[in-house]
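Here the structure is laid out as structure tokens; the discussion comes afterwards.
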There are 4 protein chains.
Amino acid sequence: MRILEAARRAFAARGYHGTLMDDVAREAGLSKGALYVHFSSKEDLFLALLDEAAATLVERLTEAITRAHGGRAKVAAALEAALVAFEDNEDLTRLFLVESAGAGPRVDDRRRQLRTALTGLVRVHLDEAVADGDLPPQDTGLAAAVWMGAVSEVVTAWLHERSRPLRELVPELAALLLRSVGFRDA
Amino acid sequence: MRILEAARRAFAARGYHGTLMDDVAREAGLSKGALYVHFSSKEDLFLALLDEAAATLVERLTEAITRAHGGRAKVAAALEAALVAFEDNEDLTRLFLVESAGAGPRVDDRRRQLRTALTGLVRVHLDEAVADGDLPPQDTGLAAAVWMGAVSEVVTAWLHERSRPLRELVPELAALLLRSVGFRDA
Amino acid sequence: MRILEAARRAFAARGYHGTLMDDVAREAGLSKGALYVHFSSKEDLFLALLDEAAATLVERLTEAITRAHGGRAKVAAALEAALVAFEDNEDLTRLFLVESAGAGPRVDDRRRQLRTALTGLVRVHLDEAVADGDLPPQDTGLAAAVWMGAVSEVVTAWLHERSRPLRELVPELAALLLRSVGFRDA
Amino acid sequence: MRILEAARRAFAARGYHGTLMDDVAREAGLSKGALYVHFSSKEDLFLALLDEAAATLVERLTEAITRAHGGRAKVAAALEAALVAFEDNEDLTRLFLVESAGAGPRVDDRRRQLRTALTGLVRVHLDEAVADGDLPPQDTGLAAAVWMGAVSEVVTAWLHERSRPLRELVPELAALLLRSVGFRDA
DNA sequence: GATGAATGAGAATTCATTCAT
DNA sequence: GATGAATGAATTCTCATTCAT
């Protein structure tokens, strides 16, 4: 929708508190009132965007995981899919990883929820790998958190520095994370 | 100082945007005007706290690293020191990891700066371990980012869930991170 | 009409300012635009209801008065007719006595107008009673105002407390008001 | 206080909904923000005024009643005191009798509360008169409501017409109301 | 140094009304 | 006649910052 696109651009560019409903309206080519016909508050609008970002990400990950075969391949594929998705959806990435922080308690809660969901996705596949004997038994919840944090940090740094394309980091980052849980280097 | 303590408590409890200068003044037992004698803006006050948090952390890490001997021991010690420091300074931890996000561009910049400094600390020692032949050559900058992200995520989760003491996670988290860069399990 | 009924319910339930045109439209099962085909403004719609309320009331009173014979009987009958009409048309009663206050100058004026008309009705019959020698000469305008105020207050209290049916109050209230103008107790 | 005076004038002149906080601020010679330092909302400000009006009225009535001796004299004195108080405090009178209607549920509740308190004052003295044998037994609650309604109506009419000073109506109105409860004409 | 009342530029939200379809 | 998305002016409330005392 026009409003969501405008909001995505605006929030990604100026952050939650830095973006006025006036900005969104202007960017959407609508009046402020029109925004409130579709979203009952600024927070709601942002939340809708956040959900969109998470849905996009989960979809991409699920797809990549489904396509890959074997424990190691699945987690590697998920990692690559995540980084590619982040790189291809810069605005949503920024919203999800950066601007959703400090936007008030409701947004904070949703952010945490979505991160937890994502972590859960990773964990399921680590558990499978453990069950299959591909990995030694371990606290996969902790490992999944480590992966999420690592990816989040690397992507956030990329958002600011843009030193080189995110996809180029995939091999090395994958090696690190796979090693962290006990996969042998390929 | 009384003001800094009051601000630390207030910001940690309600976040940057959720904390009013009135709150800080009340908590400090001072008038709002008195705050401005010492800090020229809300942002400045927050920045001072952020610096305090980073300094505390760096000091603890440096100390721990100095005490330890050998590449592996140093990085493990740093990791433990970090988690213990986070657990012992909950308010500052929250400020540094959570509330400093979304508090405006200047705060964002400083936050990034401090995280970079911390990452650098880790990196130096990874580089030494590589130089000493304890670790294979690798992108230690990336590895340091992974470590920072991992710790940040785990600590942030702990701030919300409090399922068990942070220090109990040290062994397993250390094992994960040490493995990630290529240390063999002890 | 469907719109008037919907508006009556809505305004009676939530008051003038508390009722949105959206509410009326929803309740009427029409679009907001359709409302404006029939009523040029929210105020007009409310005014139409107010007139309906007053017309209903005047009709009932006139009828009751016509049926009764003799000065005292006529005023007593009017009083009873008023209370019964109020009780039987709760929504209109609320509109007329309660919600029409504070709804803007035009509504205020009409409200006053209608109350004056009602007072006039009472006054005419008090004047007749005086002319017939059933009552001593007096300021019948003032007396009519007293009657209107008394009824208004009692009915308004009933709208909120509902302690007992309004019609049960008729004998005692009639006695009070008849005495007030100089009728001897029956 | 400057704010209360300004608010009194503004609300009396333009009603609750017709008065903007901007109007009050301008009239008080203050900024809008200053209003909110002292009153947390427009409603609160209005409520404070309403309480002031009621307190003024109750004080005057109590005083007048205390001074008078004997049942009949007391109620007559109260009535006169009320009318004089209304006439001397036109703005507060308008606030209490007119503008407090339709200003939202909280104001409506307080308005009702205050009217009930006033009615109670009248009722106590009617009860005493009954106990002393000066009046026949009767529903004094109903009678008090009648009195309140009558006075309210007469004063409201006066606010709009100003045909003649309110105090001139006292003798005739007193006669009407005293007769209504069964006092013999003096 | 301290006070706290006052400032004033916002900022979100509301809602009667309009009008292209 | 009907629709309902869009309007936009209005309005309340916010809060970091200032400054006379």
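The values are calculated or read from the model by the stated rules, or taken from the named source; none is laboratory data. These numbers were taken from a predicted model, which means no experiment stands behind them. Neighbour counts are summed over all protein chains in view; Cβ atoms, including those assigned to glycine, are modelled from backbone coordinates with ideal geometry. Areas reflect the complete protein model, heavy atoms only, side chains present, ligands, DNA and RNA absent. Shrake-Rupley method; radii C 1.70, N 1.55, O 1.52, S 1.80 Å.
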Extreme residue, farthest from the other protein chains (Cβ to nearest Cβ), among residues of the stretch C:154-170 that are open to solvent by 30 Å² or more (accessible area, probe 1.4 Å) and in a helix (DSSP H, G or I) = C:Arg167
Note down all Cβ pairs under 7 Å where the first residue falls in the stretch A:20-31 and is of a type in the set (Ser, Thr, Tyr), the second is near DNA strand F (Cβ under 8 Å from one of its atoms) and assigned to a helix (DSSP H, G or I), and they're at least six residues apart or on different chains.
-> A:Ser31/A:Ala25
Is it true that D:Ala34 is within 11 Å of DNA strand F (Cβ to nearest atom), of a type in the set (Gly, Ala, Ser), away from chain C (no Cβ under 14 Å) and open to solvent by 10 Å² or more (accessible area, probe 1.4 Å)?
-> yes
Does any residue in the stretch C:108-121 that is touching a residue at least 40 places away in the same chain (Cβ under 8 Å) come within less than 9 Å, Cβ to Cβ, of a residue that is not hydrophobic (A, V, I, L, M, F, W, C) six or more places away or on a different chain, and which pairs are these?
-> C:Arg110/C:Asp51; C:Arg110/C:Ser100; C:Arg111/C:Ser100; C:Leu114/C:Asp51; C:Leu114/C:Ser100; C:Leu121/C:Thr62
Test set (1) among the aliphatic types (A, V, I, L, M); (2) surrounded by 22 or more Cβ atoms within 10 Å (Cβ to Cβ); (3) under 18 Å from D:Ala54 (Cα atoms) - D:Val146 fails condition number | (3)
For the stretch A:1-21, enumerate the residues that are more than 18 Å from B:Ala101 (Cβ to Cβ) and open to solvent by less than 70 Å² (accessible area, probe 1.4 Å).
-> A:Ile3, A:Leu4, A:Ala6, A:Ala7, A:Arg8, A:Ala10, A:Met21
In the stretch C:10-68, residue farthest from the chain's Cα centre (by Cα) [restricted to those that are away from DNA strand E (no atom under 14 Å from the Cβ), farther than 21 Å from C:Leu159 by Cα and among the acidic types (Asp, Glu)] = C:Glu63
Could you tell me whether C:Val75 is over 28 Å from C:Ala6 (Cβ atoms), away from DNA strand E (no atom under 16 Å from the Cβ) and touching a residue at least 12 places away in the same chain (Cβ under 8 Å)?
-> yes
Where residues in the stretch D:118-140 are at the interface with chain C (Cβ under 10 Å from one of its Cβ atoms) and touching a helix residue (DSSP H, G or I) at 6+ places or on another chain (Cβ under 6 Å), which of them is least open to solvent (accessible area, probe 1.4 Å)?
-> D:Thr119
Residues in the stretch B:171-179: is at least one open to solvent by 10 Å² or more (accessible area, probe 1.4 Å), of a type in the set (Asp, Glu) and either more than 7 Å from every other protein chain (Cβ to nearest Cβ) or under 15 Å from the mean Cα position of the chain (by Cα) (or both)?
-> no
Subset of the stretch C:82-113 (residues that are open to solvent by less than 20 Å² (accessible area, probe 1.4 Å), within 12 Å of chain D (Cβ to nearest Cβ) and either under 11 Å from the mean Cα position of the chain (by Cα) or among the polar types (S, T, N, Q) (or both)) | C:Leu95, C:Leu97, C:Ser100
With respect to B:Arg67, is the statement that it is open to solvent by 10 Å² or more (accessible area, probe 1.4 Å) and either in contact with a helix residue (DSSP H, G or I) (Cβ under 6 Å, 6 or more places away or on another chain) or touching a residue at least 60 places away in the same chain (Cβ under 8 Å) (or both) true?
-> no
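Table: residues versus (1) modelled with pLDDT of 90 or more; (2) within 14 Å of chain B (Cβ to nearest Cβ); (3) away from DNA strand F (no atom under 16 Å from the Cβ).
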{"position": "A:Ala13", "(1), (2), (3)": "yes, yes, yes"}
{"position": "A:Tyr16", "(1), (2), (3)": "yes, yes, no"}
{"position": "A:Glu43", "(1), (2), (3)": "yes, yes, no"}
{"position": "A:Ala55", "(1), (2), (3)": "yes, no, yes"}
{"position": "A:Arg72", "(1), (2), (3)": "no, no, yes"}
Do any helices (runs of 4 or more DSSP H) entirely within the stretch C:3-112 hold 2 or more residues that are among the small types (Gly, Ala, Ser), and if so, which?
-> C:21-28, C:32-38, C:42-67, C:71-88
